[in-house]
Amino acid sequence: MADSKVGMVFKSAVMWLLFAVFVIIGLVGMFASVLSGAIMLIAACIFVPQINRSIEEKTNVPVTPGMRTVIILVCLGFFIYTSNNAMDADRAQRQAQEAVANQQKAEQALKEKREYVAANKDAILAEMNTLIVKQDYAAATALGSKYGNAGSYDIDQALSKVSAQKAEAEKQQKKATLLASLSGLKQDDYKAQASTYAQLAAIDPSHQSNADKYSKIAEQRAQEAKAREQAAAERSLKQTMGLIWDYAENEDNMSGKSVRRAYVSSLNTVNFRFPYEGTQRATLTIRKHPRWGTSVYISIDKGQFVCGYDDCDVRVRFSKGSAQRMTASEPDDHSSNILFISNTSSFIGQARKSEKVFIEAGFYQEGNKVFEFDISGLDWK
């Protein structure tokens, strides 16, 4: 019994406390919106015990906590909605008022500016002219901008004149700087000269011819440099593949003197049948030996030249001549994959003056094969 009374007292106290909270929220909400405040006051009534009993007596429907929760959520939703609308309307009104105030201030400032310009036009123009004479175009522009668009045609015209003179002065200054920079450029720096003259031509068209001339030279030099780079890259690739001259020197064990060799692989390849199958290149070699003198020979890793004991001929064509027959022979050890070309002095002399050489030789069961060699740049003494 005592517990029941305590529970009722506690419940009643909570209800009155919530009533008080919602009343306070409603009263505060009145400042933002009367409607939102009224909604919260109505919501507060749901916590008054007497009102709850009255509703229950008239409708025979008890006011449960769940019902109160639904009513409170609905009222809170309306409260938030109406409060936001009221604040948005208030904000828009303030912004409109501020815009009107700012416009009035701007109109008043323009009116005062026009009155001042009308009264002091001659003094302003005199000060601007003094600054122009001193070539202080920045200060003259600032002064003209301060009092421009204030109803004075003379001041607006003076401002336009200052802007034109300032632009011309800057143009002439840039021109002088560019002309001075030309003397500091290297004679062969055509790209920089072309760029400088192009900028000068934009200021003074009389420099266009030089701009075109150096631009053309710069483009030509760039193309030449690119061609050199490509040639160097190709040469490096050929060097890696052995397709241009390579040089070697070693000691002859019997004489103790050096043996010098220049050798190059053929540009084309051959692929013989069994048992010599496999892609391969021929090698052309010039050798200077302390005991056997200077000799020229062509060799191949796998295969047999057809020559025999009575020597043979090979056909040779240098890039600047017609095909010719040259005597060839096997080495003393009768190796079948090497042929010595007898016309050594003639061969080397023509090789020094040629870019390429084509050598045709016969092979056992393979017929004649032609090998092409890049022999440009031979360094042989």
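The values are calculated or read from the model by the stated rules, or taken from the named source; none is laboratory data. Worth saying up front: this structure is predicted, and the values here are computed from it rather than measured. In this analysis, Cβ positions are derived from the backbone assuming ideal geometry, glycine residues included, and neighbour counts consider all displayed protein chains. Surface areas here come from the heavy atoms of the whole protein model, side chains and all, with no ligands, DNA or RNA. Shrake-Rupley method; radii C 1.70, N 1.55, O 1.52, S 1.80 Å.
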Q: For the pairs Lys121/Lys166; Lys174/Lys226; Lys113/Lys174; Lys216/Lys238; Lys302/Lys369, note any where the Cα-Cα span goes beyond 25 Å.
A: Lys174/Lys226; Lys113/Lys174; Lys216/Lys238
Q) With every protein chain present, what is the per residue accessible area of the chain (1.4 Å probe, Å²)? A) 63
Q | Only Lys, Arg (+1) and Asp, Glu (-1) charged, at Cβ; the range 200-281 dipole about Cα centre in debye | A | 200
Q | Qualifying lysines (Cα of each under 18 Å from Cα of Lys213; at least 8 residues distant if same chain) | A | Lys186, Lys191
Q: Can you tell me the dipole magnitude for the chain around its Cα centre, using point charges on the Cβ only (Lys, Arg +1; Asp, Glu -1), in Debye to the nearest 20?
A: 400
(Q) Leaving ligands and nucleic acids out of the surface, order Tyr81, Tyr263, Tyr297 by accessible area at 1.4 Å, largest first. (A) Tyr81, Tyr263, Tyr297
Q: Kindly report, to the nearest 10 Å², the accessible surface of Cys312 as traced by a 1.4 Å probe over protein heavy atoms only.
A: 20
(Q) Under 5 Å between amide hydrogens, which residues at least 5 positions from Ile338 or on another chain qualify, with H placed 1.01 Å from N in the peptide plane? (A) Phe305
Q) Candidates [x] 116; [y] 132; [z] 554; which is the computed volume of the Cα convex hull per residue in Å³? A) [z]
Q: Note down, for the range 123-192, the three equivalent ellipsoid semi-axes (square root of 5 times each alpha carbon gyration tensor eigenvalue), biggest first, whole angstrom.
A: 37, 11, 7
(Q) Just to confirm a number: summing +1 for Lys and Arg and -1 for Asp and Glu over residues other than Thr327 whose beta-carbon lies under 13 angstrom from that of Thr327, what do you get? (A) -2
Q | Distance in nm between pseudo-label sites at Ser335 and Ser236 (7 Å out along the Cβ direction from Cα) | A | 3.3
Q. What does the charge count near Gly293 come to, summing +1 for each Lys or Arg and -1 for each Asp or Glu among other residues with Cβ under 13 Å from its Cβ?
A. +4
Q: Just name one of Gln157, Gly321, Gly377: the one whose Cα is farthest towards the positive end of the charge dipole of the chain (beta-carbon charges, Lys/Arg +1, Asp/Glu -1).
A: Gln157
Q: Work out the FRET efficiency for Gln165 and Gln95 from their Cβ-Cβ distance, taking R0 = 45 Å, and round it to the nearest 0.05.
A: 0.55
Q. Which residues does a label at Trp292 reach in the range 234-264, if reach means a backbone N under 13 Å from a point 7 Å past the Cα toward the Cβ?
A. 252-254, 259-261
Q. Does the range 97-151 classify as rounded, prolate or oblate by the C-alpha gyration tensor (a ≥ b ≥ c root eigenvalues; a/c under 1.5 gives rounded; else a/b over b/c gives prolate, otherwise oblate)?
A. oblate
Q: Rank these residues by their accessible area, most exposed first, probe 1.4 Å: Ile300, Ile338.
A: Ile338, Ile300
Q | Cysteines having no other Cys beta carbon under 4.7 Å from their own, within the chain | A | Cys45, Cys75
Q: Could you grab the relative contact order for the range 126-194? Cα pairs under 8 Å, six or more apart, rounded to a whole percent.
A: 23
Q: Heavy atoms only, probe 1.4 Å: what % of the accessible area of the chain goes to carbon and sulfur, would you let me know?
A: 55
Q | Calculated [θ] (222 nm, deg cm²/dmol) that DSSP helices of n ≥ 4 give over the chain, each run adding -39,500 (n - 2.57) | A | -20000 deg cm²/dmol
Q: Please label the shape of the range 229-381 as rounded, prolate or oblate, based on the square roots a ≥ b ≥ c of the eigenvalues of the alpha-carbon gyration tensor (a/c under 1.5 means rounded; beyond that, a/b larger than b/c means prolate, else oblate).
A: rounded
Q. Given Ser342, Ser195, Gln230, which one lies farthest toward the positive end of the charge dipole of the chain, if we put +1 on the Cβ of every Lys and Arg and -1 on the Cβ of every Asp and Glu?
A. Ser195
Q) Dipole size in debye (nearest 20) for the range 271-348 around its Cα centre, Lys and Arg Cβ +1, Asp and Glu Cβ -1? A) 460
**Q.** Computed over the range 224-381: relative contact order in percent, which uses C-alpha pairs under 8 Å that are six or more apart
**A.** 20
Q) Normalised by the number of residues in the chain, what is the relative contact order in percent for Cα pairs under 8 Å and 6+ residues apart? A) 7
